[in-house]
Amino acid sequence: MTDSGTCRSASSTPYAGTARSTPCPWKPTYATLTLGAPPGFAEQRAPQGLDGFGRVLADFYTAAGIADLWKTQSGPHQQAAAALASEGLALMGRTLDYLRAGDAPRERLLLVPNLLDAPGRGYIVPLDDVVVFVLGSAGKPDPVTLVTLTVRLALGGLRPEAAAEAQRTSSLFDLVRETAQRNGYRDWPAVIQESLVAAVTARLALPPDQRAAFLRRHYDRGLILVDHFSTELQRYERDISPLADFLPGLLRTVNLDEERRLFAERRR
């Protein structure tokens, strides 16, 4: 396990107002696993007929060949962990620079490659003083997944300053409610948040010729503001505010009639 006190990219960023040299708000960590002795399952009295379960579990470890399995996977796992420690942290640094994120919700961020999950899959596990990113891996970080999780974590929930504009635009949720909720976006604040996450991810993790299709897929999942935010990010990049503080301004320029027209046009 390796710690680093900074996670900013060493190279300058192309976005106006985002070049920073402040310490990273999180302490990035990547985790590697090492093979040790099999667990010592002690024989203990257990209620309701579970006597000897520890021995059964130990026998399972032996029969399944866990030690041999790990010997074949330890190399790829070490490779994936090393890639997270280099490429992954650099990408996180560029993402945090773009967001101008200056406050930290947790003390430490732990990056864990999971070779048992598909590349492109990932999720966040919040613990008491650690946030864990569990990332499906094929040997190197998936930029879309890593940027998505980083943006989601850094933005947090909608701030009170955005409440008025969130309320003003909430009628758009009626257009996408069924689709959004089917895809896990349970309410309008979630649609706002994930629309912005997807717009930033397209901007930072994909080449220009792949962004339109990515945005369209997310629009079709119920994220009705993703195109609006994608356009408005150009205005954000000319500003100096953190993206979380700039969100009310992004919502303020939502034209409800235009969004309804575009939605109806796409349904034809």
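The values are calculated or read from the model by the stated rules, or taken from the named source; none is laboratory data. Source: prediction; values computed, not measured. Cβ coordinates were reconstructed from backbone atoms using ideal geometry, including for glycine residues, and neighbour counts include every protein chain displayed.
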**Prompt:** What do you reckon, is Pro242 farther than 23 Å from Ser170 by Cβ, surrounded by fewer than 13 Cβ atoms within 10 Å (Cβ to Cβ) and not aliphatic (A, V, I, L, M)?
**Reply:** no
**Asked** Which residue pairs have Cβ atoms under 8 Å apart, sit 6 or more places apart or on different chains, and have a first residue in the range 130-141 that is in contact (Cβ under 8 Å) with a residue 40 or more places away in the chain and under 13 Å from Leu153 (Cα atoms) and a second that is surrounded by fewer than 16 Cβ atoms within 10 Å (Cβ to Cβ) and of a type in the set (Val, Ile, Thr)?
**Response** Val131/Ile124; Val131/Val125
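Yes/no matrix, rows are residues, columns are (1) under 27 Å from Pro126 (Cα atoms); (2) under 17 Å from the mean Cα position of the chain (by Cα):
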{"residue": "Ala180", "(1), (2)": "yes, no"}
{"residue": "Gly184", "(1), (2)": "yes, yes"}
{"residue": "Leu223", "(1), (2)": "yes, yes"}
{"residue": "Val254", "(1), (2)": "no, no"}
{"residue": "Phe263", "(1), (2)": "no, no"}
**Request:** Those residues that are closer than 14 Å to Asp227 by Cα and aliphatic (A, V, I, L, M), I need them from the range 201-216; list them, please.
**Result:** Ala202, Ala212, Ala213, Leu215
**Prompt:** Between a first residue in the range 168-197 that is touching a residue at least 60 places away in the same chain (Cβ under 8 Å) and a second residue that is among the aliphatic types (A, V, I, L, M) and not in a helix (DSSP H, G or I), which pairs have beta carbons less than 7 Å apart while being 6 or more apart in sequence or on different chains?
**Reply:** Thr169/Val254; Leu172/Ile224; Leu175/Ile224; Val176/Ile224
**Prompt:** Which residues, taken from the range 168-179, are within 22 Å of Glu232 (Cα to Cα) and buried (at least 16 other Cβ atoms within 10 Å of the Cβ)?
**Reply:** Thr169, Leu172, Phe173, Leu175, Val176
**Asked** For Val191, which of the numbered conditions (1) hydrophobic (A, V, I, L, M, F, W, C); (2) modelled with pLDDT of 95 or more; (3) crowded, with 22+ Cβ neighbours inside 10 Å; (4) within 19 Å of Arg94 (Cβ to Cβ) fails to hold?
**Response** (4)
**Fill in**
For the range 216-233 the number of residues that are in a helix (DSSP H, G or I) and either among the small types (Gly, Ala, Ser) or under 22 Å from Gly102 (Cβ atoms) (or both) is 4
**Message:** So, Ala213, is that one under 22 Å from Tyr185 (Cα atoms), among the aliphatic types (A, V, I, L, M) and loosely packed, with under 15 Cβ neighbours inside 10 Å or not?
**Reply:** yes
